[in-house]
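Novice: Take a look at the following structure, please.
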Amino acid sequence: MPDLEKYLSHLKLPYLRDNYESVATMAAQKQWTHIKYLSELVKQESRLRRDKTRQRRIRMAKFPVIKTLDQFNWSWPRKINQPQVQNLFRLKFIEQKNNIVFIGPVGVGKTHIATALGYQACLKSHTVLFASAIDVVNNLVAAQQAGQLKQELKKYLKPALLIMDELGYLPIDKIGADLLFQIISQRYEQGAMIITTNRVFKDWPQIFNNDMTLTSALLDRLLHHTEPVVIEGKSYRMRDVTEE
C-alpha cells in the first residue's frame, strides 16, 4: 500500500509505516478488534518516539560517560550520607529549582553521583547539561570576546538542570568569576544546579580571585536553596596504589 506508507512517512510515524502489516497479521491470528489493532500500533509508536526523545536528551546533556547509582561503590568513601544521596534521586530538587553541592576531595565519587543524577533526570524527561567549571568559563570568555555572550549564556540557562563539575580545581580570574556569577545569578530560583567542588564554602574566595564581594553575592544566591552533600575519603582511582 504505497500511498499509506507515503502518508505515514509524511506524518513521521515510522513504527506504523514499518510494522502495520506484521501487526495486522498478529491481530488476525489473535482475533483482535480494530480498536485493539490500532491501539497496539499507537502504543509502540509512542514508545519509539519516547525512546528517541530520551536518547536525544542524553546526547544533548554531554555527559563524559554514563554513570548510574547502581555502579557506585558505597563502601569506598570514609564518610557519605547514603540515605541523603539516595533521596536526591527522587529529583524533587529539580522540580523545586534548588541546588546540590557535592563537597569532597578528588576521587571520592562526586562526579559519579552528579552524572548519575543527570542521567536519571534525562530518563525522567528533564533537560540537562553537564560541563566542567573551567570549560564554562573558557566558553563564556571566548563568546564575550566574539560578541556572542548572550547566546552562550542561554546554553547554560536553558536546561532544567545544569551540572557544573570540578569548581575550584583551577583558579578563576576576575573576568571568569564575573561571567560565572552571571550564570548562578540568573539561574537563581529559575533552574536547578549541581556543583561538585573540592573546597568548602569558606574557601570559595580563593576560587574567585579572592574577590570577597563577588563571592559573598554568589554564595548568597547559591546557598539560599542549596543542599550540601559532604563526602570524605581517599581517591578511588588511586586505590590500587594505596593498597600496595
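The values are calculated or read from the model by the stated rules, or taken from the named source; none is laboratory data. Just so we're clear, the structure is a prediction, and the values are computed from it rather than from any experiment. Cβ placement follows ideal geometry from the backbone for every residue including glycine, while neighbour counts extend to all protein chains displayed. These area figures cover heavy atoms from the full protein model, side chains too; ligands, DNA and RNA do not enter into them. Shrake-Rupley method; radii C 1.70, N 1.55, O 1.52, S 1.80 Å.
Novice: Net charge near residue 148: determine it from the other residues with C-beta under 12 Å of the C-beta of residue 148, scoring Lys and Arg +1 and Asp and Glu -1.
Specialist: Working: positive: 150, 154, 155; negative: 152.
Combined, the nearby Lys, Arg, Asp and Glu give +2.
Novice: Counting only DSSP beta bridges with both residues in the chain, tell me the antiparallel percent, nearest 5. Before the final figure, lay out each step's value.
Specialist: Working: 1 of 21 bridges.
Once the DSSP bridges in the chain are tallied, antiparallel ones form about 5 percent.
Novice: Across segment 27-116, how many lysine pairs, 8 or more positions apart or on different chains, have C-alpha atoms separated by under 23 Å? Please give the number.
Specialist: 14
Novice: Using Cα springs under 10 Å in a Gaussian network model of the chain, which residue among 216, 39, 125 shows the largest mean-square fluctuation?
Specialist: Among 216, 39, 125, the largest mean-square fluctuation in the Gaussian network model of the chain belongs to 39.
Novice: Name the long-range amide H neighbours of residue 102: under 5 Å, sequence gap of 5 or more, or other chain; modelled H, no Pro or chain starts.
Specialist: 195, 196, 197, 229
Novice: Can you pull the percent of Cα pairs in the chain with separation above 22 Å?
Specialist: Working: 18252 of 29646 pairs.
Taking all Cα-Cα pairs of the chain, the fraction more than 22 Å apart is 62 percent.
Novice: Follow-up. Suppose the chain between residue 69 and residue 21 were pulled fully straight at 0.36 nm per residue; how much longer would it get relative to their current alpha carbon spacing? Show your work: numbers first, answer last.
Specialist: Numbers: separation 48, 0.36 × 48 = 17.28 nm, distance 4.12 nm.
In short, 13.2 nm is gained.
Novice: Run the numbers on segment 169-243 and let me know its relative contact order in percent, using alpha-carbon pairs under 8 Å that are six or more apart.
Specialist: Working: 36 pairs, mean separation 30.4, N = 75.
RCO, segment 169-243: 41 percent.
Novice: Another question, if that's okay. Can you pull the percent of segment 96-244's accessible area that's carbon plus sulfur, 1.4 Å probe, other chains left in place? Mind dumping the intermediate values first?
Specialist: Working: 3510 of 7090 Å².
C and S fraction of accessible area: 50 percent.
Novice: Would you mind putting 154-162, 101-109 in packing order, based on average other-beta-carbon counts within 10 Å, highest first? Before the final figure, lay out the partial values.
Specialist: Numbers: 154-162: 18.6, 101-109: 20.6.
Packing proxy ranking, top to bottom: 101-109, 154-162.
Novice: Specify whether the C-alpha gyration tensor of segment 2-59 places it in the rounded, prolate or oblate class, a ≥ b ≥ c being the square roots of the eigenvalues: rounded for a/c under 1.5, otherwise prolate if a/b is larger than b/c and oblate if not. Before the final figure, lay out the partial values.
Specialist: Values: a/c = 2.96, a/b = 1.58, b/c = 1.87.
Cα axes put segment 2-59 in the oblate bin.
Novice: Return, ordered by residue number, the residues of segment 150-190 whose backbone nitrogen is under 19 Å from a label point located 7 Å along Cα→Cβ of residue 209.
Specialist: In segment 150-190, the label zone of residue 209 (backbone N under 19 Å from the point 7 Å along Cα→Cβ) covers 150, 153, 167-186.
Novice: With all protein chains present, how much of the accessible area of segment 2-59 (probe radius 1.4 Å) comes from carbon and sulfur, to the nearest whole percent?
Specialist: On the way: 2460 of 4520 Å².
That fraction is 55 percent.
Novice: Please work out how much length the chain gains when fully extended from residue 78 to residue 190, using 0.36 nm per residue of separation minus the C-alpha to C-alpha distance, in nm with one decimal. If you can, show how the numbers build up before the last one.
Specialist: Details: separation 112, 0.36 × 112 = 40.32 nm, distance 3.47 nm.
Additional length available on full extension: 36.9 nm.
Novice: How much FRET efficiency would the formula 1/(1 + (r/R0)^6) give for residue 58 and residue 141, where r is the Cβ-Cβ distance and R0 is 35 Å, rounded to 0.05?
Specialist: For residue 58 and residue 141, the calculated efficiency is 0.80.
Novice: At a Förster distance of 30 Å, what's the computed FRET efficiency of residue 230 paired with residue 95, Cβ-Cβ distance as r, to 0.05?
Specialist: On the way: r = 24 Å, r/R0 = 0.80.
Working from the Cβ atoms, E equals 0.80.
Novice: Explain nothing, just the number: relative contact order of the chain, from Cα pairs under 8 Å at least 6 residues apart, as a whole percent. Walk me through the intermediate numbers first.
Specialist: Details: 346 pairs, mean separation 62.9, N = 244.
Across the chain, relative contact order equals 26 percent.
Novice: If you don't mind, there's one more thing I want to ask. List the aspartates and glutamates whose Cα sits under 13 Å from the Cα of residue 174, skipping any in the same chain fewer than 8 residues away.
Specialist: In chain and number order, the partners are 211.
Novice: Related question: Residues of the chain: accessible area per residue at 1.4 Å, in Å²? Provide the component values of the computation, followed by the final result.
Specialist: Numbers: 14130 Å² over 244 residues.
Per-residue value: 58 Å².
Novice: Just check segment 39-152 against the gyration tensor rule for me: Cα atoms, a ≥ b ≥ c as the square roots of the eigenvalues, rounded for a/c under 1.5, and otherwise prolate or oblate depending on whether a/b exceeds b/c. Walk me through the numbers on the way to the answer.
Specialist: Working: a/c = 2.16, a/b = 1.07, b/c = 2.03.
Here segment 39-152 falls in the oblate category.
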